[in-house]
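Working notes, structure below.
The values are calculated or read from the model by the stated rules, or taken from the named source; none is laboratory data. In this text, all values refer to a predicted model and were calculated from it rather than measured experimentally. Cβ coordinates were reconstructed from backbone atoms using ideal geometry, including for glycine residues, and neighbour counts include every protein chain displayed.
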């Protein structure tokens with residue numbers, strides 16, 4: 001049988017002109033139950049969704065579960081996407097990050113209830129980064145480099161670490177108010193540095 | 001009050017990065033609904049956060065694709081609604097449920113349990129729309145569990161083929177479990193009282209795997225075929241009402257069952 005699962009992946013979401021627009025168009029079709037459009041959305045977003053969830057959760061099995069939930073959530077709620085309120089990729093990544101963080105916090109809460117332990121350190125990065133997103137990685141690295149160390153660290157702990165800003169403040173040994181403003185100022189600088197248009 | 005509002009405004013960054021606790025998030029979302037500049041800022045910061053996200057892209061597990069694509073058609077989609085987009089990422093039970101809200105599953109249910117529940121709910125829903133008696137319902141619930149097991153099988157493979165009468169047929173096959181789940185999309189209804197019947201065809205002959213239910217909004221709910229062996233073929237034929245013991249017409253679609261890898 002020709003298994004579509006064996007086909008090579010399509011290029012990721014990327015930087016090519018208009019790709020964000022295409023994604024928004026695809027989501028509109030997905031909202032109408034268009035399977036082919038959903039397949040295209042999957043091929044564009046499975047890498048970033050899985051990558052982000054895995055970055056936050058670390059555990060491959062859990063990450064796969066959550067990434068699946070996210071992608072199905074995209075299918076289920078595509079009618080709620082509104083291009084006037086932001087890009088398609090931001091909409092999907094918001095769902096993905098929220099789900100990953102919800103999972104981390106419920107896990108942490110459960111672990112704390114049972115054993116009073118905190119999540120362990122990061123596991124090794126034995127994962128294949130996607131070639132298509134090399135430019136995105138480069139740009140993010142460059143822009144993070146323009147921030148103050150405290151801004152960059154706060155953002156990384158909050159977004160990639162899935163910590164609340166209260167936890168970030170504790171980890172960095174600074175006041176919550178400081179972290180709050182560093183995260184905001186840092187993200188504003190990231191936004192400007194990356195000239196956010198897709 | 002103004003101090004407090006000013007402090008809330010400083011939370012745009014933390015909000016865009018999901019770094020607020022549940023209560024803070026709820027509080028901020030209330031503020032956000034009334035503060036247009038905050039909503040604008042959140043929008044921009046979310047776009048920036050999405051860049052951070054895309055930079056983490058890695059190759060996802062291969063099996064995930066088949067699973068997600070097979071489950072989607074069994075998952076009911078939300079109708080267009082008016083939930084403000086800025087807040088629609090995940091609402092997660094942090095706010096009091098709005099009366100008449102269409103959300104059914106609490107997203108705080110986590111893990112495989114949630115995924116399977118959601119899937120089972122979707123499958124059950126499809127079944128329930130088709131059955132009327134308690135007996136049928138019990139049978140359909142058992143059926144939905146079996147179907148869920150095929151979709152969740154680590155070796156599940158999916159294939160979609162065009163039907164000769166139009167539309168397409170999707171098969172999710174677990175070679176290890178010797179089971180397949182068949183759904184159709186946009187296949188025209190058979191003429192009059194005729195029905196579509198699913199067959200497992202082996203060199204020894206054809207065995208009925210049941211009738212396809214009438215389609216809803218273009219797709220039929222899943223039918224499970226058991227005892228599917230490598231080398232068999234799955235076929236769908238048009239038959240008189242109630243089905244027949246042996247196929248009497250040329251199949252509208254035939255899918256070979258591949259050898260296990």
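In summary, residue B:68 fulfils each of the numbered conditions (1) facing chain A (nearest Cβ under 7 Å); (2) modelled with pLDDT of 90 or more; (3) more than 29 Å from residue B:220 (Cβ to Cβ) with the single exception of condition (3).
Within the range A:22-42, being surrounded by fewer than 22 Cβ atoms within 10 Å (Cβ to Cβ), within 23 Å of residue B:63 (Cβ to Cβ) and at the interface with chain B (Cβ under 8 Å from one of its Cβ atoms) holds for A:35, A:39. Scanning the range B:15-27 for residues that are in a helix (DSSP H, G or I) and modelled with pLDDT of 95 or more, we see that the one that is farthest from the other protein chains (Cβ to nearest Cβ) is B:15. In this entry, residue A:157 is excluded by the filter for residues that are modelled with pLDDT of 90 or more, outside any helix (DSSP H, G or I), more than 8 Å from chain B (Cβ to nearest Cβ) and buried (at least 17 other Cβ atoms within 10 Å of the Cβ).
In the range B:190-207 there is at least one residue matching the filter, namely being at pLDDT below 90, within 29 Å of the chain's Cα centre (by Cα), closer than 27 Å to residue A:34 by Cβ and in the same structural domain as residue B:173 (by TED's automatic domain parsing). So in the range A:160-194, with the set limited to residues that are in a loop (DSSP other than H, G, I, E, B) and more than 10 Å from chain B (Cβ to nearest Cβ), which one is surrounded by the most Cβ atoms within 10 Å (Cβ to Cβ)? Among them, the one singled out is A:174. crowded, with 24+ Cβ neighbours inside 10 Å and either more than 30 Å from residue B:186 (Cβ to Cβ) or modelled with pLDDT of 95 or more (or both), is that true of residue A:67? For residue A:67, the condition - crowded, with 24+ Cβ neighbours inside 10 Å and either more than 30 Å from residue B:186 (Cβ to Cβ) or modelled with pLDDT of 95 or more (or both) - is met. The residue of the range A:55-64 that is farthest from residue A:167 (Cα to Cα), among those that are at the interface with another protein chain (Cβ under 8 Å from one of its Cβ atoms) and surrounded by fewer than 24 Cβ atoms within 10 Å (Cβ to Cβ), is A:64.
Would the range B:162-181 turn up any residue that is part of a helix (DSSP H, G or I), within 21 Å of the chain's Cα centre (by Cα) and at pLDDT below 85? The answer is no, given that none of the residues of the range B:162-181 is part of a helix (DSSP H, G or I), within 21 Å of the chain's Cα centre (by Cα) and at pLDDT below 85.
Kindly provide the set of residues from the range A:157-177 that are touching a helix residue (DSSP H, G or I) at 6+ places or on another chain (Cβ under 9 Å) and either more than 27 Å from residue A:63 (Cα to Cα) or outside the structural domain of residue A:137 (by TED's automatic domain parsing) (or both), ordered by number. Of everything in the range A:157-177, those that are touching a helix residue (DSSP H, G or I) at 6+ places or on another chain (Cβ under 9 Å) and either more than 27 Å from residue A:63 (Cα to Cα) or outside the structural domain of residue A:137 (by TED's automatic domain parsing) (or both) turn out to be A:174, A:175, A:176, A:177. Inspection of the range B:193-205 finds no residue satisfying the criterion of being closer than 19 Å to residue B:156 by Cβ and touching a residue at least 60 places away in the same chain (Cβ under 8 Å). Of B:200, B:150, all but one fail to be under 13 Å from residue B:257 (Cα atoms) and either in contact with a helix residue (DSSP H, G or I) (Cβ under 8 Å, 6 or more places away or on another chain) or crowded, with 17+ Cβ neighbours inside 10 Å (or both); the exception is B:200. Whether a residue is within 14 Å of residue B:51 (Cα to Cα), buried (at least 19 other Cβ atoms within 10 Å of the Cβ) and at pLDDT 95 or above was assessed, and residue A:96 passes this test.
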